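The values are calculated or read from the model by the stated rules, or taken from the named source; none is laboratory data. On a predicted model such as this, the values are computed, not experimentally measured, just so you know. Virtual Cβ from ideal backbone geometry, glycine too; neighbours counted across all protein chains shown. These area figures cover heavy atoms from the full protein model, side chains too; ligands, DNA and RNA do not enter into them. Shrake-Rupley method; radii C 1.70, N 1.55, O 1.52, S 1.80 Å.
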Amino acid sequence: MTREVLPGASIGVLGSGQLGRMFAIAAKRMGYRVYVFSPESETPAGQVADVEVAAPYDDLDSVGSFARQVEVVSFEFENIPLPTVQRVEQFALVRPSGHTLHTTQNRLREKTFLRNAGLPVTPFFAIHSEDDLDSIPEDLIPGVVKTAAWGYDGRGQARVTTREELVRIWKNEMRQDAILEKWVDFSMELSVVAVRGGDGSTAFYDPVENQHRHHILDVSLSPARISPKVTAEAIEIAREIVTRLELVGVLCIEMFLGSDETLVVNELAPRPHNSGHLTIDAHVSCQFEQQVRSICGLPLGSTRAFRPAAMANLLGDVWAEGEPNWAAACAFPEVKLHLYGKSDPRPRRKMGHLTATADSCEAAAELVTQARDLLYLRDS
């Protein structure tokens, strides 16, 4: 049984982007004080936290000082250096644990963990040096080559169709530990947001259907348009993963669904996930409230959905021609606007999202994309 950290206590988060912001909002609503640590100041999370600490992650003295002021620490992205987490662990609980972070922040360790656990995973090959390029099995090409660490939203990866192309990309663009994964022809990408408490209790949101544009999540639909059999199998895979990881916190499991209704695990994210943002408006307890509940040792909340929903990301591209037409999008009573407090709307940068609820996920998706399209209609 994990130690209870009750409302009124101070809790911390490593990382200060939009996930930290929504975590802080949920925690403050429940009566906690929130401390945020990252190398930057006036961040999305820092804008709503009680205390914002700006220092490099490798400044272990500052990390230790931060950790002494809180009782439990979580993180909003997995690219936190392990020594930073280990320093925090000297003074405060870390949920999920440093062990979970270590496994999931490196694609080779993550894929090896999944394979060794007997879970369905894409065939893969580890590339540590130029010599390994000569040993790659032919049946893994075509495939996707990815850096082992520090990749997200399509960064650090490329599809390859020949061995020559793979060699060229690794030598010219990577030259670091990488993983080659066999290309999977899938009909849909799904994600399951899972929660596990320190007492072993679990909760799972129904699988979400994800649609991407330029390798970045574009629209998510809930519930996914899949059979009850696939839904049950996806949740059982998620249950096995969080149990074997001994997770305390939130974990998103991304999966590919084949045309024959078989599932393959793609990636793990030991934190709330972009595809789970719609839980804020469509479910009894959102993924961020569950993060707070699980790391603080409180009973988990309900994952029941009020209505079908869809979420559409708002990237910096929406601002390309000036201030978006917020009134046009907000004219839809069923559409909710979430902005992350970022001042620099660069192309492909996640600036916010819209959520819509409706009688079906298809209707919600049509509504939310229509509202997003109207953001581009500026006053003449």
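Things worth noting here:
- With K and R counted +1 and D and E -1, the other residues having a Cβ less than 12 Å from that of residue 281 yield a net charge of +1.
- With all protein chains in place and ligands, DNA and RNA left out, the 1.4 Å accessible area ranks 146, 336, 182 as 336, 182, 146, largest first.
- Each helix, a run of at least 4 DSSP H residues, gives -39500 (n - 2.57); summed and divided by the residues of the chain, these come to -8000 deg cm²/dmol at 222 nm.
- Prolate/oblate/rounded call for segment 279-322, Cα gyration tensor, a/c under 1.5 rounded: oblate
- Mean separation of Cα contacts under 8 Å (6+ apart) over length of segment 1-149, as relative contact order %: 18
- In terms of the mean number of neighbouring beta-carbon atoms within 10 Å, the peptides 67-79, 12-24, 115-127, 320-332 order highest first as 12-24, 67-79, 115-127, 320-332.
- Note, ³J(HN,Hα) from phi for segment 63-71, Karplus 6.51, -1.76, 1.60, rounded to Hz, x at Gly and Pro: 4, x, 4, 4, 5, 5, 8, 10, 9
- Contour minus Cα-Cα distance for residue 163 and residue 321 (0.36 nm per residue): 52.7 nm
- Relative contact order computed over the chain (Cα-Cα under 8 Å; 6+ residues apart), in percent: 15
- Per-residue SASA entry for residue 339, accessible area with 1.4 Å probe, Å² rounded to 10: 70
- Rounded if a/c under 1.5, otherwise prolate or oblate - segment 85-141, Cα gyration tensor axes: oblate
- Using θ = phi - 60° in the Karplus curve 6.51 cos²θ - 1.76 cosθ + 1.60, the 3J(HN,Hα) couplings for segment 34-44 round to 10, 10, 10, 10, 6, x, 10, 10, 6, 8, x Hz; x is entered for Gly and Pro.
- Within-14-Å neighbourhood charge of residue 304 [Cβ basis; K, R +1; D, E -1]: -2
- Whole-Hz ³J(HN,Hα) from phi, Karplus 6.51 cos²θ - 1.76 cosθ + 1.60, for segment 370-377, glycine and proline x: 5, 4, 5, 4, 5, 4, 7, 8
- Rounded percent of accessible protein surface that carbon and sulfur make up, the chain, 1.4 Å probe: 48
- Cβ-Cβ distance of residue 349 and residue 244, R₀ of 56 Å, FRET efficiency by 1/(1 + (r/R0)^6): the value works out to about 0.95.
- Rounded if a/c under 1.5, otherwise prolate or oblate - segment 288-379, Cα gyration tensor axes: oblate
- Under 13 Å, Cβ to Cβ, from residue 360 - net charge with Lys/Arg +1 and Asp/Glu -1: -3
- With all protein chains kept in place, the per residue accessible area of the chain amounts to 42 square angstrom at a probe of 1.4 angstrom.
- Over segment 303-371, relative contact order from alpha-carbon pairs under 8 Å, at least 6 apart, %: 48
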